[in-house]
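Engineer: Below: one structure in structure tokens.
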Amino acid sequence: MPLGPFATSSDLAARMGRDLDTVEQSQADRLLADASNLIRMTADYQQISRVDNDTVTLRGSYRHVLKLPQRPVRDVTAVAGLAATAWKWDGGEYLIRLDGGVWDGPVTVTYSHGYDPDDVPYQVAVSVACDAVKRTLLNPEMTKQRSIDDYSETLADARASLLQGEQDTIRQAFGVASWGVS
């Protein structure tokens, strides 16, 4: 299932402080989707958007704990083949076996995860997506520097990427450990 963009062209126009022209409007949705994918990649491939009753099959950990892949976990409703008394959700991102067994083989879990659009981390993703697209729309030729006589101007990189500060913001908002690699 393709994941949609965090922001809309209306969000982008509001952050730019003006209406989008015809060319910008035609590019906005694709650019916002691209920026949203970059944000998910920076957030360790978290979907970020809320998904209820998602079913995922995980490889067993061969331990009594099993880490769920998407955060934040909102609720765990079922583990296929196990009674509810054989496991518990720790309220965070782990399932714990209570019956003395370990998580082995494929484990199919039904759970809800992600953020609602009004949650602060989701709004951070909206803001970063809009900022990344705004750079591209304001500098479509991807000019790095321009000079006229004694005036010189250096522009932000307009490529489809997140600036280091934006990457740091996303990692902080979504609890992603940074390895100091850029």
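The values are calculated or read from the model by the stated rules, or taken from the named source; none is laboratory data. Nothing here was measured: the structure is a model prediction, and the numbers come from that model. Cβ atoms come from the backbone with ideal geometry, glycine included; neighbour counts cover every protein chain shown. Side chains are part of the model used for accessible areas, which takes the heavy atoms of the whole protein and leaves out ligands, DNA and RNA. Shrake-Rupley method; radii C 1.70, N 1.55, O 1.52, S 1.80 Å.
Engineer: In region 5-31, how many are open to solvent by 20 Å² or more (accessible area, probe 1.4 Å) and assigned to a loop (DSSP other than H, G, I, E, B)?
Structural biologist: 7
Engineer: Can Leu98 be described as of a type in the set (A, V, I, L, M), at pLDDT below 95, more than 20 Å from Thr42 (Cβ to Cβ) and open to solvent by 70 Å² or more (accessible area, probe 1.4 Å)? Reasoning before the result, please.
Structural biologist: Numbers: of a type in the set (A, V, I, L, M): yes; at pLDDT below 95: no; more than 20 Å from Thr42 (Cβ to Cβ): yes; open to solvent by 70 Å² or more (accessible area, probe 1.4 Å): yes.
No.
Engineer: When residues of region 149-182 are filtered for being open to solvent by 60 Å² or more (accessible area, probe 1.4 Å) and modelled with pLDDT under 80, how many remain?
Structural biologist: 12
Engineer: Would a scan of region 35-47 turn up a residue that is of a type in the set (Asp, Glu), touching a residue at least 40 places away in the same chain (Cβ under 8 Å) and either in a loop (DSSP other than H, G, I, E, B) or touching a Ser or Thr at 6+ places or on another chain (Cβ under 7 Å) (or both)?
Structural biologist: If we filter region 35-47 for residues that are of a type in the set (Asp, Glu), which is where we start, we get 44.
Applying the additional criterion that residues be touching a residue at least 40 places away in the same chain (Cβ under 8 Å) yields 44.
Checking which are either in a loop (DSSP other than H, G, I, E, B) or touching a Ser or Thr at 6+ places or on another chain (Cβ under 7 Å) (or both) leaves us with 44.
The answer is yes, given that some residue of region 35-47 is of a type in the set (Asp, Glu), touching a residue at least 40 places away in the same chain (Cβ under 8 Å) and either in a loop (DSSP other than H, G, I, E, B) or touching a Ser or Thr at 6+ places or on another chain (Cβ under 7 Å) (or both).
Engineer: Go through region 71-88 and give me each residue that's in contact (Cβ under 8 Å) with a residue 40 or more places away in the chain, assigned to a loop (DSSP other than H, G, I, E, B) and surrounded by fewer than 20 Cβ atoms within 10 Å (Cβ to Cβ).
Structural biologist: Applying the first criterion (in contact (Cβ under 8 Å) with a residue 40 or more places away in the chain) to region 71-88 yields 71-74.
From the residues that got through so far, the ones that are assigned to a loop (DSSP other than H, G, I, E, B) too are 71-72.
Across region 71-88, the qualifying residue is only Pro72.
Engineer: Kindly indicate which of Arg63, Arg71, Arg59 is among the charged types (D, E, K, R), modelled with pLDDT under 95, in contact with a strand residue (DSSP E or B) (Cβ under 9 Å, 6 or more places away or on another chain) and under 30 Å from Leu98 (Cα atoms). Can you show your working first?
Structural biologist: Working: Arg63 fails: modelled with pLDDT under 95; Arg59 fails: modelled with pLDDT under 95.
One residue alone meets the criteria, Arg71.
Engineer: Residues that are under 16 Å from the mean Cα position of the chain (by Cα) and closer than 17 Å to Val109 by Cβ: does region 78-95 have at least one?
Structural biologist: The initial filter retains those residues of region 78-95 that are under 16 Å from the mean Cα position of the chain (by Cα), namely none.
No, every residue in region 78-95 fails to be under 16 Å from the mean Cα position of the chain (by Cα) and closer than 17 Å to Val109 by Cβ.
Engineer: From the list Arg18, Arg63, Arg59, which one is more than 21 Å from Ala125 (Cβ to Cβ), without any contact (Cβ under 8 Å) to a residue 24 or more places away in the chain and of a type outside the set (A, V, I, L, M, F, W, C)? Give the steps one after another, and end with the answer.
Structural biologist: Working: Arg63 fails: without any contact (Cβ under 8 Å) to a residue 24 or more places away in the chain; Arg59 fails: without any contact (Cβ under 8 Å) to a residue 24 or more places away in the chain.
Unique residue meeting the criteria: Arg18.
Engineer: Checking the conditions here, which among Asp54, Asp44, Asp34 is buried (at least 16 other Cβ atoms within 10 Å of the Cβ), touching a Phe, Trp or Tyr at 6+ places or on another chain (Cβ under 8 Å) and charged (D, E, K, R)? Write out each step before concluding.
Structural biologist: Working: Asp44 fails: buried (at least 16 other Cβ atoms within 10 Å of the Cβ); Asp34 fails: touching a Phe, Trp or Tyr at 6+ places or on another chain (Cβ under 8 Å).
After ruling out the rest, the residue left standing is Asp54.
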